[in-house]
1. Does ALA7 satisfy being at pLDDT 95 or above, farther than 28 Å from GLY130 by Cβ and open to solvent by less than 40 Å² (accessible area, probe 1.4 Å)?
2. Regarding ARG92, is this residue closer than 26 Å to THR169 by Cα and not in a loop (DSSP other than H, G, I, E, B)?
3. Can you pull out the residues in segment 81-94 that are at pLDDT 90 or above, of a type outside the set (D, E, K, R) and surrounded by fewer than 17 Cβ atoms within 10 Å (Cβ to Cβ)?
4. Among the residues of segment 12-35, is any touching a residue at least 60 places away in the same chain (Cβ under 8 Å), open to solvent by 50 Å² or more (accessible area, probe 1.4 Å) and either closer than 30 Å to ARG153 by Cβ or polar (S, T, N, Q) (or both)?
5. Sort through LEU99, LEU135 and tell me the only one that's under 30 Å from ARG17 (Cα atoms) and surrounded by 14 or more Cβ atoms within 10 Å (Cβ to Cβ).
6. Exactly one of these conditions fails for ARG109: (1) buried (at least 19 other Cβ atoms within 10 Å of the Cβ); (2) closer than 28 Å to TRP57 by Cβ. Give me its number.
7. Hey, can you tell me all the residues within segment 40-49 that are surrounded by 18 or more Cβ atoms within 10 Å (Cβ to Cβ), in a loop (DSSP other than H, G, I, E, B) and in contact (Cβ under 8 Å) with a residue 40 or more places away in the chain?
8. So which pairs qualify, if the first residue must be in segment 107-122 and over 10 Å from LEU44 (Cβ atoms), the second must be of a type in the set (Ser, Thr, Tyr), the Cβ gap must be under 9 Å, and the two must be at least 6 apart or on different chains?
Amino acid sequence: GVGQILAELDRLGIAGRTLVIFMSDNGGEWLSRNAPLFHRKDRLWEGGIRVPAIVRWPGPLPAGAPSRQPAMTMDVTATLLAAAGNDVSSLRLDGIDLLPILRGTAPERPRTLFWRNTAAGSIQRAVRQGDWKLLVDGPQEFLFNLREDIGERNDLAASNATRVRSMMTLLDAW
């Protein structure tokens, strides 16, 4: 279906004037296979929050250029406002304009991202700072380096107590 929509934009000659953002709001349902990510929708493990995003805007954005920029659905608002010609720098938005990064005219931005979830009868909180993610799942604290362990299988909390405390302070303040 997405391919048909993109083909129609091309056929109508408006693809270069149309920014298309395709993404999901969360990871797969319980029957989904999210490998190498762990867990699923309604959980703050990567399998529940990490999703692919495809952004297409022929002309303004280079074709086939991947990005490792951490982004959230809240970034869509700022990105669309900027694409429409609005200056978003003075607005108090939760998200950021991704266009300069996607154009390759600005470097990827370090970000600290936060999540909370009370679904499925448990309380989860998480903070990501760069490649590091602290996940508080019930009473348990987990620390992962996502660049080295995207599947969240190697808990580094015990060997990185200072980082856990620092990230917990951020999470508590949020």
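1. So ALA7 fails the test.
2. No.
3. LEU81, ALA84, GLY85, ASN86, LEU93
4. Here is the first cut: in segment 12-35, the ones touching a residue at least 60 places away in the same chain (Cβ under 8 Å) are 19, 35.
Subset that is open to solvent by 50 Å² or more (accessible area, probe 1.4 Å): 35.
Then drop every residue that is not either closer than 30 Å to ARG153 by Cβ or polar (S, T, N, Q) (or both), which leaves 35.
Yes; the residues of segment 12-35 include at least one that is touching a residue at least 60 places away in the same chain (Cβ under 8 Å), open to solvent by 50 Å² or more (accessible area, probe 1.4 Å) and either closer than 30 Å to ARG153 by Cβ or polar (S, T, N, Q) (or both).
5. It is LEU99.
6. (1)
7. ARG43, LEU44, TRP45
8. Filtered contacts from segment 107-122: GLU108/SER67.
The values are calculated or read from the model by the stated rules, or taken from the named source; none is laboratory data. Fair warning: this is a prediction, and the values are worked out from it, not measured in the lab. All Cβ positions, even for glycine, are placed from backbone atoms using ideal geometry, and neighbour counts span all protein chains on display. Note: areas computed on protein heavy atoms with side chains; ligands, DNA, RNA excluded. Shrake-Rupley method; radii C 1.70, N 1.55, O 1.52, S 1.80 Å.
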